Structure formats: structure tokens, C-alpha cells
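Readers should treat all values here as calculations from the given coordinates under stated rules, not as data from a laboratory. The shown structure was predicted, so the numbers you read here are calculated from the model rather than taken from an experiment. In this analysis, Cβ positions are derived from the backbone assuming ideal geometry, glycine residues included, and neighbour counts consider all displayed protein chains.
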């Protein structure tokens, strides 16, 4: 996730074992930059099972205080102290204190989320708002399973901070609401950051080849051939962590075969990996290796080494997430022209148009069910989901937020600007594969390292890799010790 440091970012991209509802199952009319998202939720009161609402005397609900926050109740807010820093949260806390002048918020930031807060959950004395992120993230599945989180539906159904005519849920990017769900309607998590995955490149390098970003695979091979003639590899990737490859490969599979192929893979359906679209995309990626278009030595590189080689112009393309701009800021040249694109497809027979991309939420905020002041925790989130707070975050940390906008009038960094344009182009065609959240070991060690990693190093054919990966998926499906999830 975006707030992890360079040292732990490779290991902590997803939330372990979370059965979130699918990003794709939403209103067909949904757009990405300008159209509000729609949640599949009932306007129910908190069903977190902890009775937190009874603990703090609630205040009177007014137009300016729609959640009925007690204007004298203390608020405690614990933030993960990671790559996004704490300034954006401290700024939002100041607004809360201005709105409730009789309250002093107890704010703290730590990297030791689990060791600091798990005992407090167990004792029934958790803070009111937590950014449950980083290497010491508490297991969301356990927290939900033990009814330790409050349902955030009251927040989602409250008037938005900027426009009382719009609910908070109507101001969020597509998929944010659904990502906070498990196997039903309650929303337990509010993801605050928003990550764009795709193929990252230097516009300057592409221009030097007199090329444009390739939309079909024949065009991709032609661009890579041009690069090779100039002494530049077409691709590199985090060879030691080949689960970075799916950041572009999975949306390509969805583009070629349709969303239902990704759903079947996520649902661990028999023979899901044997779909013709999977075979076609594996063949395409293997062709990069077979034609010598992958930077020599890539299988031995970690994420930082591969990003550094790419930033130095040794390779044209790299699959990654939007954190790469911040993570590689010290090695990306000023005139690099950092850009991201949706993955290249196969040809005009693909089920979804060019522009189909993977994007999803990060930085999970939760309100504990047994919080003393859950209404205050939700109100703090409502403030953070305002346009002003969102702009503040984006301008300070080079990342988008869950708020569907917040970029007007601020100078965007090259990668961020390109990410916004890619989302705009995608429109409704945003996918969110769930394997990296639902089945961490399957995704990272088996599909990533033992399957894709071996194929891209030339040690497995695409057919062998698919057979191996399908076997791993079948094993996971049969393992009763693993909690299984399905797209609703």
C-alpha cells in the first residue's frame, strides 16, 4: 500500500485475507473521474456488535453536525506513520478542533499498529479512529470476524462535507465502498488513498524512439524491437518479487477475455486459468522473454533495483503501482517525463477497449466498535473526505485519495497527472483483481514466484506455467483451513 516505506513496500501491498466485494459490480452508468460511485448498502445503524454508540453521549444532529458528534467528547486518532507522513492527518485534525472548539484531539502516529493497538482492542479500550496500515497491520478478517469494527454506513450516508445535497458515498471513487465490505453489506473499512496500477515508462524515452504507447501486442513488440536497436531493453520488473507482473498482466487478461475471467480466477473456479484469454496473455508476455526484450539479469533484481535500472534508461517499460513516483523520486531524472498507461491488449478482438486498467484503494481507516466516540471518528473521516483535505493530501504526498476529484487547481507531478489521465480514459473499464487480498500466499509465492517468475526467466513454457498455477489454485480451493471468498 502506498504508505509503506521502500524497505517494506514489496511485502505489504494488499490487506491480508479480506473478502472485499468486487469493484466491478456497480452501476453500469458509473464513470471514474466525474461520476459518483454507488454502494450496495442499506442505511442501517452500526452493526459492529460492540455497542460503541451507547458509550459516548451523542450530540444533537444538525446541518453542520450530521453525525451527532458530542461536542465535548475527546477524540483519539492513531495514524500509521509511513511514506505518506502525518502532516495531512494533522491538518484534518485541526479542522475537527476548529469545528468542535471544546475538544482537543489526542493524535499519535506509529509504525507499530498491531503491537500498540491489539491489546487495547482485547481490553475493549481502542481509539476512535485508526489508520490500520503498514507491516504491523492488524488482520482485518479477524477484526471483522470478532465484531470489533463499527459499520461505516452512517458516515457513507451522511451529507458530504462540501455539499449537503450529496452523500459522502456519492463523492467517492468507484470501488472504494465495495472494497470496505467482506461478504455482505456492512462497510468496515474506508480506504483513503487510491492506487493506479499499470505500465510505467518515460515519455522522453518513447519520444526518442519516435514511438507512441502501443495499444496492440504487435505494436508492443515493434516498440521493443526499436528500443533494442538503441541498446535499451523493452521491459524490466521486480524479478525477486514477480507478483508485480500481475499489475499489468491481470488487467490485460480482463481486457482480452472480459471481467468474468478475472472473477473466475478470484473465485478459484476449476480450470479458470485455462481460459484462452489467460493462455493468450501468458504467450504474449513469454514472447518478451523469447525475443530478448527483457533487461538481462531482471530475474535477480528486487523492486528497487529494477525501478532504478528503468529510471536510468536501461529499460523502457515496468509494471508497477502509482507509489513508484515517490519511491523512485531520488533516481528518476527531472526530464524523465514519467507516465503510466493501461496495459497493451492483444488486438481488436479483445472484449474490453484499450484503457482498461487496474485501480484500487489503499490506506485502510477503521472505527472500532467499542470506541468511546465512534461518531467523532466518522466525523474526522468525513472531514478528510472533503475536497480541501483531499487536495492537501494529494499535493503533499503525490497520491490520489478516495475522494472523486481533489486535483483541480493544484500542480500535479508528472506521474500523478498521467495517472489521472489514465483513470479518465478508463471510464467504467476499471478492474480490481482480488487474489492479492484474498489469497496472499497463492498470489505472491505460488502464482508470482513459482509460476510467472519461472516463466519469465525462461524456465517454464506458458503451458507449463498455467498447468502449475491451476494446480496451486485447486489446492487453495480444497484447503479447508483457508477462508474462501467469492465475488457477490
Among 357, 95, rank each residue by its count of other Cβ atoms within 10 Å, from fewest to most, as a rough exposure measure.
95, 357
Helix 414-426: angle to the longest alpha-carbon principal axis of the chain, degrees 0 to 90, nearest 10?
90 degrees
With just the Cα atoms of segment 256-301, tell me how far they stretch along each of the three principal axes, in Å, largest first.
36, 19, 16
Which whole-percent values make up P(r) of segment 239-373 when all C-alpha to C-alpha distances are grouped in 10 Å steps starting at zero?
10, 33, 32, 17, 6, 1, 0
Grab the alpha carbons of segment 204-276, take their convex hull, and tell me the volume per residue in Å³.
118 Å³
Segment 143-171 versus segment 106-140: alpha-carbon centroid distance in Å:
20 Å
When only alpha-carbon atoms count, how far does segment 254-333 stretch along each of its three principal axes, as whole angstroms with the largest first?
44, 29, 20
Quick one: angle between helix 276-290 and the longest Cα principal axis of the chain, in degrees between 0 and 90, rounded to 10, please.
60 degrees
Only Cα pairs under 8 Å and at least 6 apart count here; give the relative contact order of the chain as a rounded whole percent.
26 percent
Return one number: the angle in degrees, 0 to 90 and rounded to the nearest 10, between the long axis of the Cα atoms of helix 374-384 and the longest principal axis of the Cα atoms of the chain.
50 degrees
Just need log10 I(q)/I(0) for segment 381-487 at q = 0.17, 0.23 Å⁻¹, Debye formula, equal scatterers on the alpha-carbon atoms, no solvent, rounded to two decimals.
-0.88, -1.10
Cα gyration tensor of the chain - equivalent ellipsoid semi-axes, whole Å, descending
39, 24, 20
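Just rank 400, 346, 442, 412, fewest to most, by other beta-carbon atoms within 10 angstrom.
Ascending number of Cβ neighbours within 10 Å: 412, 346, 442, 400.
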Mind sorting 395, 108, 160 by how few other Cβ atoms lie within 10 Å of their own Cβ, fewest first?
108, 395, 160
